[in-house]
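Participant: Here it is: the structure, laid out below.
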Amino acid sequence: MRRRGFLFRAVVYVSCISGLVLCDNPTEPDDGTEPAGFEPWVTSSTQEIRNFLSGGGGSGNGKLVFVKRILEDNISYYNLYYLDFSEDTDTPTVHHIPAAKGAQVPVISPDGNWVVYAKGNLICEAGAPPSSKSSAYLCRIAEDAVPIQLVADSAFEPRFMQNADKLTVIFTTRADNFAWRGIGKTMKLEIDVSGPTPVVGTPKVLFATAAFTGGLSADGKFLCGGGGNIGMVDISGGDTVGDTITDFAQACNASISSSTVFTNTAMYLTTAASHPNINGGQAWQMWQVILINSFNKDVLKGYWYPTQFKIPLDTSNSTYRKAMWHHCEWSNHPYFAAATLNIRRTWEGTNATEYQEQIYLINLKDSVCIEILRPDSVAYSGILEDNSGYFWPWLWVVPSAGFQEDPNWLKL
């Protein structure tokens, strides 16, 4: 998401996209084995989630995809899951797509039927080292889905184009920290899904001089992306060279707006900072505030990490210390986003850990959020490595009937 400078230490790679250490060889075994831990526990009822969505301009229905990542003995295991809020259940069912092995950075299609994701030898998001190879895959959102490969070895952070006539995937050939500096290309690829088997077209260049991993705006004008800082470019003919859109020392997790009114805006995280437009200038610590910026570097809105929790975070063998956001993503609906919450704990008899434990939905208009999911507190013991947890949540929302975006909800 996702987020960053980087450095190498022996055999590890540090990326502020996740804020954690990623192994040089995170390929999971072919036999499908997976260590136990972080079993998903949905903590909001279906009705609570529907009420949250319908109260913010959604119909009450939607879907969420995310990846459960387990790191153990220098091996990473990536498992793709989804929740469907339209199902007639008291609590949403957590569905696993077993064939989507090794999935990273998943995104749901505009029609809500498909998910696109990356899979590679290292990380597949912004800030990936030059030796990373990333392929793009497409599959239906169904437990029995069989993924198909769209592009091999040179497709990072695939996303869907908004308002396209056909199902269209945007991806980049590289995933440089500073997206606008002329490394790699931004590509698009049409897929015909009208028949029983998807027909994949030929990739075409969308922007030839830089790789913008954060997506394309709803009007097709603005690309954003990067880590370490966030860049944006107007590809409609005005600007030919992108530039940073923030003045912070470090910013990451770029995600383009889905607004049809404020199309030149993006969501991101920063390290410790402050801004007079956010909570009276009160300073925040690393990744504690999700920010929205405009193309003109205007800081428009901030969303503080939650400090009150649905269920106490202290357990019988751990003590809660600190929280901060991770992996924030703007949904297909302009008023909603999803993000993980990283929790620092001290465990009885062990050192402190930082896991991406929780997934939240955020109402961007009203600045309220709801916890959706956390690990099963009974099975969760804190013995896994720090890079375990829930990664890259992406929310798809069905808009309410006749929904029209408020032209004043996000001031420029």
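Participant: Out of ALA379, ALA352, report the one residue that is under 28 Å from PHE85 (Cβ atoms) and among the small types (Gly, Ala, Ser). Walk me through it before giving the result.
Facilitator: On the way: ALA352 fails: under 28 Å from PHE85 (Cβ atoms).
The conditions single out ALA379.
Participant: Among the strands (runs of 3 or more DSSP E) contained in segment 53-146, which hold 3 or more residues that are under 17 Å from SER388 (Cα atoms) and not polar (S, T, N, Q)? Step through it out loud before you land on a result.
Facilitator: On the way: elements: 58-72, 75-84, 104-108, 114-120, 134-140.
Counting at least 3 such residues, we get 58-72, 75-84.
Participant: Between ALA283, ALA272, ALA251, which is more than 22 Å from the chain's Cα centre (by Cα) and either among the β-branched types (Val, Ile, Thr) or over 19 Å from PHE336 (Cβ atoms) (or both)?
Facilitator: Sole residue among the options that is more than 22 Å from the chain's Cα centre (by Cα) and either among the β-branched types (Val, Ile, Thr) or over 19 Å from PHE336 (Cβ atoms) (or both): ALA283.
Participant: Follow-up. Can you tell me which of LEU291, LEU269, LEU361 is under 19 Å from SER44 (Cα atoms), part of a strand (DSSP E or B) and not charged (D, E, K, R)? Give the steps one after another, and end with the answer.
Facilitator: Working: LEU291 fails: under 19 Å from SER44 (Cα atoms); LEU269 fails: under 19 Å from SER44 (Cα atoms).
On inspection, the qualifying residue turns out to be LEU361.
Okay, residues lined up against (1) in a strand (DSSP E or B); (2) under 24 Å from THR260 (Cα atoms); (3) modelled with pLDDT of 90 or more:
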residue: ILE170; (1), (2), (3): yes, yes, yes
residue: ALA175; (1), (2), (3): no, no, yes
residue: GLY184; (1), (2), (3): no, no, yes
residue: GLU190; (1), (2), (3): yes, yes, yes
residue: THR202; (1), (2), (3): no, no, yes
residue: LEU223; (1), (2), (3): yes, yes, yes
residue: MET232; (1), (2), (3): yes, yes, yes
residue: GLY237; (1), (2), (3): no, yes, no
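Participant: Listed residues THR186, THR168; which is within 16 Å of GLY231 (Cβ to Cβ) and not aromatic (Phe, Trp, Tyr)? Break it down stepwise before answering.
Facilitator: Numbers: THR168 fails: within 16 Å of GLY231 (Cβ to Cβ).
None of the others qualify; the one that does is THR186.
Participant: Could you tell me which residue of segment 305-322 is farthest from the chain's Cα centre (by Cα), considering only residues that are assigned to a loop (DSSP other than H, G, I, E, B) and among the charged types (D, E, K, R)?
Facilitator: Going residue by residue through segment 305-322, those that are assigned to a loop (DSSP other than H, G, I, E, B) are 305-314, 316-317.
Then keep just the ones that are among the charged types (D, E, K, R); that gives 310, 314.
On the way: LYS310: 23, ASP314: 27 Å.
Residue satisfying both the conditions and the ranking: ASP314.
Per-residue answers, yes or no, for (1) of a type in the set (S, T, N, Q); (2) under 18 Å from GLY201 (Cβ atoms):
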residue	(1), (2)
ASP111	no, yes
VAL115	no, no
SER135	yes, yes
ILE148	no, yes
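Participant: Go through (1) within 16 Å of the chain's Cα centre (by Cα); (2) surrounded by fewer than 17 Cβ atoms within 10 Å (Cβ to Cβ) for VAL107 and report which single condition fails.
Facilitator: Condition not satisfied by VAL107: (2).
Let's see how each residue does on (1) crowded, with 18+ Cβ neighbours inside 10 Å; (2) under 17 Å from THR244 (Cβ atoms); (3) not acidic (Asp, Glu):
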residue: ASP144; (1), (2), (3): no, no, no
residue: PRO147; (1), (2), (3): yes, no, yes
residue: ALA155; (1), (2), (3): yes, no, yes
residue: ARG159; (1), (2), (3): yes, no, yes
residue: LEU167; (1), (2), (3): yes, no, yes
residue: VAL199; (1), (2), (3): no, no, yes
residue: ALA208; (1), (2), (3): no, no, yes
residue: LEU216; (1), (2), (3): yes, no, yes
residue: ASN229; (1), (2), (3): yes, yes, yes
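Participant: Go through the residues of segment 336-345 one by one and say whether even a single one is assigned to a strand (DSSP E or B), aromatic (Phe, Trp, Tyr), in contact with a strand residue (DSSP E or B) (Cβ under 7 Å, 6 or more places away or on another chain) and within 15 Å of ILE370 (Cα to Cα). Spell out the reasoning first.
Facilitator: Taking segment 336-345 and keeping what is assigned to a strand (DSSP E or B), we get 336-345.
This time we only want the ones that are aromatic (Phe, Trp, Tyr), so: 336.
When the remaining residues are screened for being in contact with a strand residue (DSSP E or B) (Cβ under 7 Å, 6 or more places away or on another chain), the result is 336.
Still in the list and also within 15 Å of ILE370 (Cα to Cα): 336.
Scanning segment 336-345 turns up at least one residue that is assigned to a strand (DSSP E or B), aromatic (Phe, Trp, Tyr), in contact with a strand residue (DSSP E or B) (Cβ under 7 Å, 6 or more places away or on another chain) and within 15 Å of ILE370 (Cα to Cα).
The values are calculated or read from the model by the stated rules, or taken from the named source; none is laboratory data. Computed from a predicted model, the values in this text were never measured in an experiment. So basically every Cβ, Gly included, is an ideal-geometry build from the backbone, and we count neighbours across all protein chains shown.
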